[in-house]
Structures are given as structure tokens and as C-alpha cells.
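Colleague: Handing you a structure now.
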Amino acid sequence: MKFVDEVSIFVKAGDGGNGCMSFRREKFIEKGGPNGGDGGDGGSIYMEADENLNTLVDYRYTRRFDAQRGSNGGSTDCTGRKGEDLILRVPVGTTIIDSGTQEVIGDLTKPGQRLMVAQGGWHGLGNTRFKSSTNRAPRQTTLGKPGDSRDLKMELKVLADVGLLGLPNAGKSTLIRAVSAAKPKVADYPFTTLVPNLGVVTTERYKSFVIADIPGLIEGAAEGAGLGIRFLKHLARTRLLLHLVDLAPLDLSDPADAAEIIVNELTKFSPALADRDRWLVLNKADQVLEDAEREQCMRAVVERLEWQGPVYVISALERDGTERLCQDIMRYLDDRTERLAQEPQFAEEQAELNQRIEDEARARLQALDDRRALRRAGVKSVEDVGDDFDDDDEDDDGDGAEIFYVR
């Protein structure tokens, strides 16, 4: 199944039914009075989180959704039938955004959670509603109100407790295979992972956590290079990040350089995400045979990053050190959950951090989308002009604003 994590759709709630103008006419009753019924309300549109879904592919090709219109009122005081509500099922972790105002309408983070995104129109009134002592034969009715219509953008962020960061071929997919039942593709070439993978890690009975693997980041990812930037937003809701570093890269590059690249790209993408709790995991220790060389590599990475947090040396392929890592993660998650329940200030700080991460991620991705749209339209920014741009150009207004030039 194709993984789709962003779609735009149009929704239109049902219009309300019109009121009816009718008068009672029976044998021997010439002027029986008004008996026109009200119309029915239009159907509303709801989004519902479904734990059995993991992609938005159902909305990739069908972009318009209309709820049922309310029926018109009838004679003999018959009320029109209400239009049926339309329920659109989406994966857990979907954010609903109004495309026009960029307002976040809601976040579906629990199975079965439901959110109304378009209100059905109110019913029209029949002429029975307007009778009075002075107006005994009203000919007045009202039309049903139109239902809400809006353009929506849906963004899916996978829900995981732990997220993996690293360059391509750092061993992220191998680690998930080693600690869970997930079987992502593993190969000895970059970008083997093209979409996020989730694995459930069970440490003991009734104790488990979810770990997420995204495509590897490369240098320049924060500016749109590679695949990882598109999926980096999926780490926004994780509680812990594992920074995987390859101790024995195939290109014989320095592991400390690789670690520094990831930290720089993460900070550029979202400073708030860089503040998330992060552990350093040095992988492929089995390929560094000498203990002295392994210790030297670890020290170089720690010193380059000025690392103060936990450091683990593992071999995901040989499953060496992975059990201790998983046990420590489970203890960390349990302690964090307990702290959130007991310390309101800490819970508030974490909620603010989560909101900052999501806002920064959305802003960064929107800026990249805007830049790509400009390039497709034949427009490029100052950064793309390079040597062709003259700093002394008289068109520069000097206020530091980004200026665009047509090719």
C-alpha cells in the first residue's frame, strides 16, 4: 500500500431542506388552516480516527466529499428527513487544518476520536410556524440554510514513543528488525527506507513501546535535500530520539562528521525538536574489531558534539547491546509518564515544547513547498541566483527582505 501522509480535500456539508407551504383541505373542511412541515437539517461531516488505517491514500484521488441534503418539508405537518452525516475515517495521528486560514481545526490522537469539520445547514420552516391569531392563513416559509464548505489539509504524523535519527545506512532499519517483529527492508545502499516504519518493542509482559524509523537524513536536508526532511515531522510526537551513528561507514568517512551533520540539520529544521531528549547510539560496533579503536571513535564523537547525555555502543546486526538499550528506554518512558502525572509544571512545559515543534515543522515544510512552487513557476530566490546577483543592485531595498527574480 502506498504511504501518503499529506492530502488536500474539499468538504461540503448538506444544505437544510426547505419549509413547505400547505393548507389542510378535507371534505367539508374548506379552510382547515396551514399544515406545511419544516424541512430536515443537512448532514454534517466528521473525521474519525481509525486504528486500522495507517495512510491517507484513500483521499489521494477522491478529493471532494459531500454530505446528504435535508429533505423538504411536506404537507400534513410532515417534517423532512434529516440528511445523513458523512464520516471520513483517517489514521490515528492525523491533524486537520483549514487551508484558507491555516487554522488547526483539531488533532485526532486517539482511536475512535471524532471531529466535526463541516456543520450541516439548518432546516427551513413551514408555513405552520407562522400562524397566529391575526394571521390564520400564512403563506410564508423559509429556505434551508446552506451547509458549511471548506478546503481542508490533512497531515499524518505517526504516533511513536521513540524515533530514530541518522544518516542513510546508519542501521536504523536493522535496529528495528532486531528489537521488534517489524521487517523493514534492509540493504547495503543508501535510502533503502523510503517511508516511515513502526515497530512494537516488548520488554516484558504488558510493557512495550513503539519505535519509528524514518528515511535517513543527508547534509542539506533542512533545505529540502534528500527524503528525510519530508518525514522528519513524524518525530514531532515522539518522547525520545535515538541518534544512530555508524562506527564503520562504507565510505570510510569520520563518524564524528556524520553525527555533527545530523545535529546541524535537526537544529535547522526545528530548534524545539533539537531540544527533545536524545540519546547517542553508536552502531555497527561488530565491524570495529579493536577495543581501542572503538573507544577512540566513541570519544571523538562525544567530544565533537560536546555530548552530555547517555551513550550506547551496540551492534544491531548481532543484537549486541540492544536488550540493555530497550530496557533503559522502557524505564525512561515509565519515569517520564509518572513525572507527567505528578508534576503539572513539567507537563505544561512538555505540552508547550510539543506545540513549538509542530509549529516549527509546519512552517519549515510550508516554506519548502512555497520555494518549490516558485521554482516550478520559473522564479528563483536570491539564494538560488548565486553569482548572477549583484549586491549593489539598485532594486535592493536594503531591509533584508527576500527578493525574487524571474528567470
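Colleague: Output the residues belonging to region 1-34 that are more than 18 Å from residue 117 (Cβ to Cβ), at pLDDT below 90 and touching a helix residue (DSSP H, G or I) at 6+ places or on another chain (Cβ under 9 Å).
Modeller: If the condition is that a residue be more than 18 Å from residue 117 (Cβ to Cβ), at pLDDT below 90 and touching a helix residue (DSSP H, G or I) at 6+ places or on another chain (Cβ under 9 Å), then 1, 2, 3, 4, 5, 33 are the ones that fit.
Colleague: If you don't mind, there's one more thing I want to ask. Read through the list (1) surrounded by fewer than 17 Cβ atoms within 10 Å (Cβ to Cβ); (2) within 29 Å of residue 338 (Cα to Cα); (3) modelled with pLDDT of 80 or more, then give the number of the only condition that residue 257 fails.
Modeller: (2)
Colleague: Restricting to region 316-340, name every residue that is of a type in the set (A, V, I, L, M) and at pLDDT below 90.
Modeller: Taking region 316-340 as the starting set, the residues that turn out to be of a type in the set (A, V, I, L, M) are 316-317, 325, 329-330, 333, 340.
Matches in region 316-340: 316, 317, 340.
Colleague: Hey, another quick one. Name every residue in region 297-348 that is more than 20 Å from residue 164 (Cβ to Cβ) and assigned to a loop (DSSP other than H, G, I, E, B), in order of residue number.
Modeller: Correct list: 306, 308, 343.
Colleague: Sort out for me the strands (runs of 3 or more DSSP E) sitting completely within region 114-168 that have 1 or more residues that are surrounded by fewer than 18 Cβ atoms within 10 Å (Cβ to Cβ). Walk me through it before giving the result.
Modeller: Numbers: elements: 114-118, 149-156, 162-165.
Counting at least 1 such residues, we get 114-118, 149-156.
Colleague: Same structure again: Does residue 11 fit the bill of being part of a loop (DSSP other than H, G, I, E, B) and β-branched (Val, Ile, Thr)?
Modeller: no
Colleague: Sticking with this one: Is it the case, given these coordinates, that residue 177 is farther than 22 Å from residue 57 by Cβ and part of a loop (DSSP other than H, G, I, E, B)? First the steps, then the outcome.
Modeller: Numbers: farther than 22 Å from residue 57 by Cβ: yes; part of a loop (DSSP other than H, G, I, E, B): no.
Taking the combined requirement at face value, the residue does not satisfy it.
Colleague: Sticking with this one: State which residue pairs qualify: first residue in contact (Cβ under 8 Å) with a residue 24 or more places away in the chain and in a strand (DSSP E or B) and inside region 32-46, second residue surrounded by fewer than 20 Cβ atoms within 10 Å (Cβ to Cβ) and not hydrophobic (A, V, I, L, M, F, W, C) in any location, beta carbons under 7 Å apart, and separation of 6 or more residues or different chains.
Modeller: That search, which allows pairs on different chains as well, returns 34/131; 34/138; 46/85; 46/114.
Colleague: A follow-up question, please. On the given criteria, is residue 394 modelled with pLDDT under 50 and either more than 21 Å from residue 276 (Cβ to Cβ) or surrounded by fewer than 14 Cβ atoms within 10 Å (Cβ to Cβ) (or both)?
Modeller: Numbers: modelled with pLDDT under 50: yes; either more than 21 Å from residue 276 (Cβ to Cβ) or surrounded by fewer than 14 Cβ atoms within 10 Å (Cβ to Cβ) (or both): yes.
Against the criterion (modelled with pLDDT under 50 and either more than 21 Å from residue 276 (Cβ to Cβ) or surrounded by fewer than 14 Cβ atoms within 10 Å (Cβ to Cβ) (or both)), residue 394 qualifies.
Colleague: Now a separate question. Within region 255-265, does at least one residue satisfy the condition of being among the β-branched types (Val, Ile, Thr) and touching a Phe, Trp or Tyr at 6+ places or on another chain (Cβ under 6 Å)? Step through it out loud before you land on a result.
Modeller: So in region 255-265, the residues among the β-branched types (Val, Ile, Thr) come out as 261-263.
Next cut, touching a Phe, Trp or Tyr at 6+ places or on another chain (Cβ under 6 Å) only: none.
There is no residue in region 255-265 that is among the β-branched types (Val, Ile, Thr) and touching a Phe, Trp or Tyr at 6+ places or on another chain (Cβ under 6 Å).
Colleague: Taking the residues in region 333-381 that are among the small types (Gly, Ala, Ser) and within 18 Å of residue 272 (Cβ to Cβ) as candidates, determine which candidate is surrounded by the most Cβ atoms within 10 Å (Cβ to Cβ).
Modeller: 361
The values are calculated or read from the model by the stated rules, or taken from the named source; none is laboratory data. Because the structure is a prediction, the values reported are computed rather than measured. Quick reminder, even Gly has a Cβ in these numbers, built from the backbone with ideal geometry, and neighbours come from all protein chains shown.
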